[in-house]
Amino acid sequence: MDFIKNMDWGKANRMSKLFRADGKCFYLPIDHGYFLGPTRNLEDPAKTIAPLTQYTDALFVTRGVLRSAIDPVTMPLPVILRVSGGASVIGDLTDEQITTATDDIVRINATAVGVSIFIGSEHETQTVGNLAKLVNELEPLGIPVMAVTAVGKELEKRDARFLALAGRIFAEMGASVVKTYWCENFEKVVEGCPVPVVIAGGPKTETIREVFDFVHDGMERGAAGLNLGRNVWQNEHPPAVARALEAIIHEGATPAEADEMYNTIKNEQPLPVA
Ligand code: 5RP
């Protein structure tokens with residue numbers, strides 16, 4: 001993992017928990033309620049994640065859900081704490097602030113934090129400022145900051161030119177990991193960004209094969225990994241999706257192999273009869 005060279009011991013240790021020895025990662029986000037409110041299949045977060053932690057490498061979550069729903073003793077994954085928010089889906093999603101104080105980030109023993117930045121929005125400067133403030137506070141403590149490329153409701157913004165612009169700005173501000181959307185010519189986003197780039201998901205797709213295709217394409221074009229929520233735990237067979245994605249990310253499986261794996265596992269684990 002070249003990207004942890006020259007880091008101080010604590011930060012290198014935290015970064016090494018966020019990536020497997022192959023330098024790749026698969027994060028499981030369950031932070032959606034912070035702007036979406038109740039989200040289907042996240043009603044009982046502990047139940048949602050229990051069958052998925054064996055395939056994934058870190059949990060992306062707010063302090064509220066962490067403290068109310070996740071057991072600190074048996075939780076097997078490192079935590080990436082979602083520390084920005086303040087806007088909801090019925091308002092201006094771009095108007096975010098930092099929501100979690102540094103001493104609480106430390107008290108929670110977060111391995112990293114995540115913050116959304118809305119490039120090109122009315123709140124561009126404010127949200128880039130949130131990222132810079134977190135890096136200023138957390139870098140001396142050895143806590144990495146993951147910058148989340150956010151587009152709010154403007155999903156059409158997700159092209160290589162915009163995503164490369166955003167990712168480079170985040171790295172320049174000191175982010176240790178950049179989360180961004182998959183797009184055509186994804187290598188342009190990766191090439192312009194000197195820190196690991198992780199692919200985000202988005203709303204549930206029509207078929208799971210679409211997910212396997214874009215994840216595989218992104219990995220082939222240089223992504224370090226994946227942060228995928230709804231397309232995993234809103235699927236009817238979350239463990240089958242998670243295992244198939246793990247195979248793409250960590251074992252170099254093709255989309256066809258992942259699809260076959262998904263179908264095999266799904267048929268071994270039929271839905272419970274009502
Ligand atoms: C919300 C986030 C989520 O972590 C991200 O959207 C991933 O979840 P999904 O795959 O469901 O989109 O950062 O801003």
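Where a number appears in this text, it was derived from the coordinates with a stated rule and is not lab data. This is a predicted model, so every value here is computed, not measured. Counting neighbours? That spans all protein chains shown, and the Cβs are built from the backbone with ideal geometry, glycine included.
In Å, the Kirkwood hydrodynamic radius of segment 122-196 over pairs of distinct alpha carbons?
12.7
Under 5 Å between amide H atoms, partner at least 5 residues away or on a different chain: which partners does residue 116 have, H built in plane at 1.01 Å?
Amide H to amide H, under 5 Å and 5 or more residues apart or across chains, residue 116 pairs with 84, 148.
To one decimal place, what orientation-averaged projected area in nm² is obtained for the convex hull of the Cα set of the chain?
Seen from a random direction, the Cα hull of the chain projects 14.0 nm² on average.
Taking H placed 1.01 Å from N in the peptide plane, check which residues at least 5 places from residue 226 or on another chain put their amide H under 5 Å from its amide H.
Placed amide hydrogens put 25, 26, 27, 199 under 5 Å from residue 226.
Count the net charge of all other residues whose Cβ sits under 15 Å from the Cβ of residue 86, scoring Lys and Arg as +1 and Asp and Glu as -1.
With Lys, Arg at +1 and Asp, Glu at -1, the net is -2.
FRET efficiency for residue 71 and residue 125, Cβ-Cβ distance as r, R0 = 45 Å, nearest 0.05?
E between residue 71 and residue 125, to the nearest 0.05, is 0.70.
If you bin every alpha carbon distance in segment 50-177 into 5 Å steps from zero, what whole percent lands in each bin?
Binned Cα distances yield the sequence 2, 10, 20, 21, 19, 15, 9, 3, 0.
Under unit Cβ charges (Lys, Arg +1; Asp, Glu -1), what dipole magnitude, rounded to 20 debye, does segment 1-154 have relative to its Cα centre?
500
In whole Å, how far is the Cα centre of segment 128-202 from that of segment 212-271?
Each part's Cα centre sits 23 Å from the other's.
Can you tell me, using C-alpha contacts under 8 Å and at least 6 residues apart, the relative contact order of the chain as a whole percent?
Answer for the chain is 17 percent.
Along the charge dipole of the chain, which of 15, 248, 72 sits closest to the positive end, that is, farthest toward it, with unit charges on the beta carbon of Lys, Arg, Asp and Glu (+1, +1, -1, -1)?
The residue sitting most towards the positive pole is 72.
Please build a GNM for the chain, connecting alpha carbons under 10 Å apart, and tell me which residue among 40, 158, 82 fluctuates the most.
In the Gaussian network model the winner is 40.
Between 118, 173, 212, whose Cα lies farthest towards the positive end of the dipole of the chain when Lys and Arg beta carbons carry +1 and Asp and Glu beta carbons carry -1, centred on the Cα centre?
173
Taking neighbour counts of Cβ atoms within 10 Å as a proxy for exposure, in what order, fewest first, do 34, 27 appear?
Final ranking by Cβ density, sparse to dense: 34, 27.
Binning every alpha carbon pair distance of segment 199-265 at 5 Å from zero, what are the percents per bin?
It works out to 4, 20, 35, 28, 12, 2, in whole percents.
Taking θ as phi - 60°, what are the ³J(HN,Hα) couplings along segment 157-168 by the Karplus curve (6.51, -1.76, 1.60), each to the nearest whole Hz, with x for Gly and Pro?
After applying 6.51 cos²θ - 1.76 cosθ + 1.60, I find 5, 6, 10, 4, 5, 5, 5, 5, 4, 4, x, 5 Hz.
Student exercise: in segment 2-268, how many lysine pairs 8 or more apart or on different chains have Cα atoms under 23 Å apart?
Taking the Cα cut-off of 23 Å, the pair count is 20.
Hey, what D do you get for segment 156-274 in µm²/s if you plug the Kirkwood alpha-carbon radius into Stokes-Einstein at 37 °C and 0.692 mPa s?
Calculated translational D: 221 µm²/s.
List the extent of the Cα atoms of segment 1-90 along each of their three principal axes, largest first, rounded to whole Å.
43, 29, 21
Return the distance in nm (one decimal) between the two label points of a simple spin-label model at residue 8 and residue 265, each offset 7 Å from Cα along Cα→Cβ.
3.8
Given +1 on the Cβ of Lys and Arg, -1 on the Cβ of Asp and Glu, and no further charges, what dipole in debye does the chain carry about its Cα centre, rounded to the nearest 20?
With Lys and Arg at +1 and Asp and Glu at -1, about 540 debye.
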